């Protein structure tokens, strides 16, 4: 993490200055040319016959491992979008991203379709993935609509992202500044490439990427026309429950519930925020998601809990010294709470935002994240700028739908419908989306590729 992240203005000033320069005149012939990305320390440009994953997997301009598991196997995506791809990185001192063999963080990708609709979509990586993580879920789809697209790796990633920074919370706070950085740089790059500034700029993200969308519209609404947040992580600015409150409960109580059906363990998990009816997903989340998420995010925010241990003890049993299953956020020093507040969301969005989240989300339970963030937005008097759709039967990863298609539905098609609703909301017609609602689970039709928010029941 560079020193300038302690002074975000210092990081962004050179980019903001460049973005105010007049755009280059439009090219008369092939637009697939070298276009400097403001602030980039290194970049490479490729002219591709297809910018979507149908082409970039074969050409080596994406990494399929980066987006594995985020969509259903039944998802259909567009293809055949020619244009220019720019890969590169901004100055940074950490090296958690091995992509391209660069071993350099603050990597980005910018895609510029030949047939441009005048818009730009900016995203940040979900989870601890890297800059290609949204290629199948977001990039393919918006490129086919004609948008330019840009994504950041958030400045650190991988399983040891928490090691970045000088003080607790720095690794997460850097994500926000990298989102701003790629937005400013991408807007300037688009203007230079096409000869005019983008007509509309949208933020879009899933999970930790949705977390970035929320922060961006709260803190830099001037850069965007709106955003779509799918199952974004919510860090409340006060002592309301967060991920470090309910995850230890899951780690501590689920083994007892799984072994004997212990009703007290089950009740403890429901009280912690896990949704009734999501029990069939608890085993997958316990084995694959909860433990690593708790230990690594706790290490990023509260490294003093386990002394010299590096992100705790995997799958330790309650009662083991320094075990994350016994982590008590409310008993930790106030400095830990101040760290969370530094990375938190105010709810004071300044541009239209649409949130979608599954009612069966078992990594980021909807009660603690989606419901609580919607309430935070309303508490700040910004409810008119927000629409919130609770998608019955959807969970956090759409591969969970593939495992239980008779009980679930995927979230991605609802995110795409929400994006189109955002377009209508922010274009010249100013057509508002349907009221915030709970969308009933569909049991027939092409649920992997369609989602009608207008069939929603008012929540």
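Side notes on the structure shown:
- From the list 212, 217, 223, the one residue that fits, being under 29 Å from residue 116 (Cβ atoms), surrounded by fewer than 22 Cβ atoms within 10 Å (Cβ to Cβ), touching a strand residue (DSSP E or B) at 6+ places or on another chain (Cβ under 7 Å) and outside the structural domain of residue 315 (by TED's automatic domain parsing), is 223.
- Test: residue in the range 200-208 that is within 12 Å of the chain's Cα centre (by Cα), buried (at least 22 other Cβ atoms within 10 Å of the Cβ) and assigned to a helix (DSSP H, G or I): yes
- From 124, 119, 101, residue being in contact with a strand residue (DSSP E or B) (Cβ under 7 Å, 6 or more places away or on another chain) and farther than 19 Å from residue 210 by Cα: 119
- Condition met for residue 355 (part of a loop (DSSP other than H, G, I, E, B), surrounded by 24 or more Cβ atoms within 10 Å (Cβ to Cβ) and in contact with a helix residue (DSSP H, G or I) (Cβ under 9 Å, 6 or more places away or on another chain)): no
- Condition check for residue 57 on (1) free of Cβ contacts under 8 Å to residues at least 60 places away in the same chain; (2) crowded, with 19+ Cβ neighbours inside 10 Å: one failure, at (2).
- Boolean, residue 231 is surrounded by 24 or more Cβ atoms within 10 Å (Cβ to Cβ) and either over 25 Å from the mean Cα position of the chain (by Cα) or not assigned by TED's automatic domain parsing to the domain that holds residue 69 (or both): yes
- Hits in the range 99-126 (condition: touching a residue at least 12 places away in the same chain (Cβ under 8 Å), surrounded by fewer than 24 Cβ atoms within 10 Å (Cβ to Cβ) and assigned to a loop (DSSP other than H, G, I, E, B)): 102, 104, 114, 115, 116, 117, 118
- Test: residue 140 is more than 27 Å from residue 288 (Cα to Cα), at pLDDT 95 or above, out of contact with any strand residue (DSSP E or B) (no Cβ under 8 Å at 6 or more places or on another chain) and part of a loop (DSSP other than H, G, I, E, B): no
- All of 171, 191, 243, 267 fail the test of being over 23 Å from residue 112 (Cα atoms) and surrounded by fewer than 23 Cβ atoms within 10 Å (Cβ to Cβ), apart from 267.
- Hits in the range 296-348 - residues which are part of a helix (DSSP H, G or I) and under 30 Å from residue 383 (Cβ atoms): 297, 301, 329, 330, 337, 338, 339, 340, 341, 342
- Some residue of the range 73-80 being closer than 24 Å to residue 116 by Cβ and outside any loop (DSSP other than H, G, I, E, B): no
- Scanning the range 386-399 for residues that are surrounded by 19 or more Cβ atoms within 10 Å (Cβ to Cβ) and either part of a helix (DSSP H, G or I) or without any contact (Cβ under 8 Å) to a residue 60 or more places away in the chain (or both) yields 386, 387, 393, 394, 398.
The values are calculated or read from the model by the stated rules, or taken from the named source; none is laboratory data. Fair warning: this is a prediction, and the values are worked out from it, not measured in the lab. Cβ coordinates were reconstructed from backbone atoms using ideal geometry, including for glycine residues, and neighbour counts include every protein chain displayed.
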